[in-house]
Amino acid sequence: MIQFSQSAQQMRSSEIRRLMALAADPSIISFAGGMPSNTLFPVDVIDEIYNGLSEKQKQVAMQYGPTSGFPPLLESLKKYLESKGMSMNGQSLIITTGAQQAINLLTKVLVDPDDVVITEQPSFIGALAAFKSYGAVLDAVDLDSEGINIDALKLSFDKNGAKAKMLYLCPYFHNPAGIIYSRDRVRELLEVLKGRDIVLLEDDPYGELYFDESCKPLTKPMKALAAGNEPVPICYTGSFAKIFGPGFRLGWLLGPTEIVEKCELAKQSMDACTSTFTQVLANEFLSRGMLEPYVQKLRKAYKERSSIMLDALKKYMPSGVTWTTPKGGFYIWVTMPEVMNSSDVFQESIKKGAAFVIGNAFDPHGVKNNSFRLAFSHTPQERIDEGIKIIADAICKLMK
Ligand SMILES: Cc1ncc(COP(=O)(O)O)c(C=O)c1O
């Protein structure tokens with residue numbers, strides 16, 4: 001019999017994977033995957049960029065590169081992050097194979113088995129899986145419409161003491177909750193963190209995707225607000241996945257040099273380097289100023305999809321069901337009465353042709369299941385109304 005390592009023995013194929021497999025059937029109207037719309041990818045621009053590269057640039061693109069990242073992309077990205085108010089003083093930046101790898105690397109270098117990672121409730125499933133893979137104990141703190149509950153967070157700090165190594169937050173267009181932190185909550189949070197012996201992981205893949213300019217100030221990262229005066233070390237991770245294409249597998253990590261250097265060491269034995277090929281393309285996209293006009297197009301398209309979904313929710317959901325109204329990003333978080341179970345709703349909905357992600361997938365303890373996540377980003381616009389009606393009908397049926 002094969003003797004797997006202890007950490008491999010802890011790995012389980014999650015229920016979400018099983019359900020996602022059902023949702024992959026093309027006849028299903030799926031609100032499950034947190035994916036950008038295929039139809040919005042900048043395919044022509046990428047063709048043009050690639051065809052315009054010199055022979056030498058193409059050779060570089062096909063070669064290994066430094067573990068920390070393709071130097072011209074690091075430079076373009078630094079400029080981009082500085083334009084958002086971030087300081088490079090005492091900080092280092094590395095390119096990672098998606099933000100997922102940045103989360104994984106940080107956990108690897110900071111967290112020992114039985115250390116505590118404090119997360120939001122609900123929280124991003126990929127981060128939860130990474131924390132668990134290193135044997136972390138998760139302590140979940142409730143979110144409300146303005147962000148993490150500060151009193152509960154203080155209790156968590158008191159309860160966990162020195163065992164708490166990392167606080168993981170997704171403050172801007174949260175996955176899965178769809179909310180954005182209020183500025184008051186951000187200020188309170190930065191205050192509460194002062195003097196704590198913990199690292200903040202600020203995960204920001206969706207911040208650029210605000211629907212209205214008036215919302216832009218809310219997306220200024222804590223890493224930028226606290227620049228030069230961080231209450232605790234802040235490791236900021238971002239991604240090209242939602243603003244360029246997840247297939248490029250490009251993310252980044254900006255944090256105190258001491259931490260980022262350790263991550264770079266850990267990355268060496270993980271993948272040696274992130275794909276140079278996609279870094280070359282991303283660098284051209286960023287340095288030629290193509291990102292902003294493209295993201296403007298995305299903001300408009302996702303705003304439109306979100307309002308179609310919100311209209312459908314209003315039209316079809318029975319009373320007792322509530323949902324968040326996103327100001328950006330990809331997600332709406334729907335909450336049903338406590339007695340309801342989103343797995344039952346899923347089973348009923350999939351029979352009729354619609355899918356979403358059940359709530360307990362995002363519960364760090366895998367229990368709470370009266371909510372679920374709808375992604376409006378990937379589904380063809382003209383099918384959103386029909387899909388929401390199917391889910392609402394399933395809820396009505398189960399409520400009886
Ligand atoms: C909150 C959050 N963080 C990180 C990631 C991972 O992003 P990437 O595709 O860059 O690895 C995702 C992807 O869905 C996400 O939603």
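The values are calculated or read from the model by the stated rules, or taken from the named source; none is laboratory data. Here the structure is a predicted model, which means the values were calculated and not measured. Positions of Cβ are generated from backbone atoms using ideal geometry, with glycine treated the same way; all protein chains shown enter the neighbour counts.
Every residue in the stretch 321-358 that is acidic (Asp, Glu) and not in a loop (DSSP other than H, G, I, E, B), please. Once the filter is applied, which keeps residues that are acidic (Asp, Glu) and not in a loop (DSSP other than H, G, I, E, B), the stretch 321-358 yields Asp344, Glu348.
Can we say Ser123 is in a loop (DSSP other than H, G, I, E, B), at negative phi and within 16 Å of the ligand (Cβ to nearest atom)?
Considered against the rule, which asks whether it is in a loop (DSSP other than H, G, I, E, B), at negative phi and within 16 Å of the ligand (Cβ to nearest atom), Ser123 comes out as yes.
Scanning the stretch 160-206 for residues that are within 16 Å of the ligand (Cβ to nearest atom), assigned to a loop (DSSP other than H, G, I, E, B) and without any contact (Cβ under 8 Å) to a residue 60 or more places away in the chain yields Cys170, Pro171, Tyr181, Asp204.
Would you say Leu310 is out of contact with any helix residue (DSSP H, G or I) (no Cβ under 6 Å at 6 or more places or on another chain) and hydrophobic (A, V, I, L, M, F, W, C)? When the stated conditions are applied, Leu310 passes them. Only one entry in Ala282, Ala301, Ala227, Ala241 is modelled with pLDDT under 95 and either outside the structural domain of Met166 (by TED's automatic domain parsing) or not hydroxyl-bearing (Ser, Thr, Tyr) (or both), namely Ala227.
Taking (1) under 23 Å from His174 (Cα atoms); (2) surrounded by fewer than 17 Cβ atoms within 10 Å (Cβ to Cβ); (3) of a type in the set (A, V, I, L, M, F, W, C) in turn, Met62 satisfies each apart from (1). Answer with yes or no whether Ile118 is in contact with a helix residue (DSSP H, G or I) (Cβ under 9 Å, 6 or more places away or on another chain) and over 20 Å from Val260 (Cβ atoms). Yes: the conditions hold for Ile118.
Summed over the stretch 207-247, residues that are outside any loop (DSSP other than H, G, I, E, B), small (Gly, Ala, Ser) and either free of Cβ contacts under 8 Å to residues at least 40 places away in the same chain or away from the ligand (no atom under 16 Å from the Cβ) (or both) total 3.
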